[in-house]
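The values are calculated or read from the model by the stated rules, or taken from the named source; none is laboratory data. On a predicted model such as this, the values are computed, not experimentally measured, just so you know. Cβ: placed from backbone, ideal geometry, glycine included. Neighbour counts: every protein chain shown.
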Amino acid sequence: MFATGVGATPRRAPSGSGAGTAAGLVAVGIWGMAPVATRALVLQLAPLPLLVIRMGVAAVILLPWCGPMLRRSRREYVPRLVVAGLLGMVGYNLPVTVGLQWVPASTAGLVLASEPIWLLLLAALFLGERVSRRCWAGALVALAGVAVLAGPGVLSSRNGTRELAGLGLIALGTLLFAAYTLTLRPVSRACGPVPATAASTVAGSLFYVAFAGTVTSAQLSRLPAAAWGELAFLAVGSLVVGMLAWNMAVARLPSQRASLLLYLEPLVSVAGAVALLGERVSADLAVGGALILGGIAATWMPGPREKNEPNGQQPA
């Protein structure tokens, strides 16, 4: 596809890669704070009513941008939009939100950092994208940083079966988010990231209509002002701004670059959890963070052949 492999003829990077990188960084920054906001909110509001409100607000905001996808010439994309919507709005958000009842935000952010590995693997298996040894090496270095940051909190079961179940649900969400990204990418490139994101979000949000009865006035009346702010951030920031920015990024970047941007997400999550939720700071934070950033740098740096290319090729 767009990625080049070892021994392959280099190809020109997709146009607008600078804007794609900027959009990806915006999305990653917002999503890095999403586990922090979700962890704080899910302790006050059950996952299903939380998601009903969150998805409902996002769908209403994005509905006006769905129009272009209803044109006759674009109706062929409707099945793909429905599948992508279910993968993203249900397959990703539901298990992650449920899992965050039992898993600290910093730990959840680190588990979510496995998204780039799944994205690379799925792109290689199902899209035929070639992933070079250097790209895999950078990904493994970054994943080693995630392992250092995670430490015994993720790798042990000392907090019992609930934490293990929560970790499993969050890991499942990361896999399904990678599938969402790759499923929606052709539509984003063909029709534009805004209508594609809007239509997939609205399509996936329809799932939660069946659970509208879980939202009660008694629940909402007990929420403090801070919880309403967190809910607005999750609905508008994460689902609207974050999703639009991310799909703009993946429409303009190859899978390797887009996926490795996600390694910044755990740094934001850990920093937010420490600053806002009082989660513990450890020496592992600096070491793991350095490895993550080092892995990204190793993957993004041009190889010897690419340095000699006049057109500024993407990393192989």
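Taken over the stretch 109-147, residues that are in a loop (DSSP other than H, G, I, E, B) and surrounded by fewer than 19 Cβ atoms within 10 Å (Cβ to Cβ) amount to 3.
The set of residues in the stretch 80-104 being surrounded by 24 or more Cβ atoms within 10 Å (Cβ to Cβ) and closer than 30 Å to Val274 by Cβ consists of Gly88, Met89, Tyr92, Asn93, Val96, Thr97, Gly99, Leu100, Val103.
Among the residues of the stretch 66-85, is any small (Gly, Ala, Ser), closer than 17 Å to Thr183 by Cβ and in a helix (DSSP H, G or I)? Within the stretch 66-85, one or more residues are small (Gly, Ala, Ser), closer than 17 Å to Thr183 by Cβ and in a helix (DSSP H, G or I). Within the option set Leu264, Leu244, being in a helix (DSSP H, G or I) and under 27 Å from Leu45 (Cβ atoms) holds for one residue only, Leu244.
Figure legend. Inter-residue proximity from the stretch 20-42: first residues in a helix (DSSP H, G or I), second residues among the acidic types (Asp, Glu), beta-carbon distance below 7 Å, spacing 6+ or different chains. Indicated pairs: Val28/Glu265; Trp31/Glu265; Gly32/Glu265; Ala37/Glu230; Ala40/Glu230; Leu41/Glu230.
The set of residues from the stretch 163-189 being more than 17 Å from the chain's Cα centre (by Cα), closer than 17 Å to Ala258 by Cβ and surrounded by fewer than 22 Cβ atoms within 10 Å (Cβ to Cβ) comprises Pro186, Arg189. In the stretch 263-290, the residues that are closer than 23 Å to Ala171 by Cβ reach residues that are at pLDDT 85 or above and assigned to a loop (DSSP other than H, G, I, E, B) with C-beta atoms within less than 6 angstrom, at least six apart or across chains, in these pairs: Ala273/Glu279; Glu279/Pro104.
Taking the conditions (1) within 21 Å of Ala124 (Cα to Cα); (2) at pLDDT below 80; (3) outside any loop (DSSP other than H, G, I, E, B) in turn, Gly288 satisfies each one other than (1).
Kindly evaluate Val274 against the criterion of being of a type outside the set (Gly, Ala, Ser), surrounded by fewer than 20 Cβ atoms within 10 Å (Cβ to Cβ) and modelled with pLDDT under 80. So Val274 fails the test. Output the number of the condition that Ala150 fails; it satisfies all remaining conditions of (1) modelled with pLDDT of 75 or more; (2) surrounded by 19 or more Cβ atoms within 10 Å (Cβ to Cβ). The number of the failed condition is (1).
Only residues that are closer than 20 Å to Arg39 by Cβ, modelled with pLDDT of 85 or more and not aliphatic (A, V, I, L, M) were counted across the stretch 167-205, and they come to 3. When the residues of the stretch 30-74 are filtered to those that are farther than 29 Å from Gly213 by Cβ and of a type in the set (D, E, K, R), the one that is surrounded by the most Cβ atoms within 10 Å (Cβ to Cβ) is Arg74. Just wondering, is there one or more residues in the stretch 88-95 that are closer than 25 Å to Met33 by Cα, of a type in the set (S, T, N, Q), at pLDDT 90 or above and assigned to a helix (DSSP H, G or I)? Within the stretch 88-95, one or more residues are closer than 25 Å to Met33 by Cα, of a type in the set (S, T, N, Q), at pLDDT 90 or above and assigned to a helix (DSSP H, G or I). Considered as a group, the residues in the stretch 227-261 that are among the polar types (S, T, N, Q) and buried (at least 24 other Cβ atoms within 10 Å of the Cβ) include one that is nearest to Ala27 (Cα to Cα), and that residue is Asn247.
If the condition is being surrounded by fewer than 24 Cβ atoms within 10 Å (Cβ to Cβ) and either hydroxyl-bearing (Ser, Thr, Tyr) or modelled with pLDDT of 50 or more (or both), then the stretch 1-22 contributes Thr9, Ser15, Gly16, Ser17, Gly18, Ala19, Thr21, Ala22. Of the helices (runs of 4 or more DSSP H) lying entirely inside the stretch 159-227, those carrying at least 3 residues that are in contact (Cβ under 8 Å) with a residue 40 or more places away in the chain are 161-191, 193-205.
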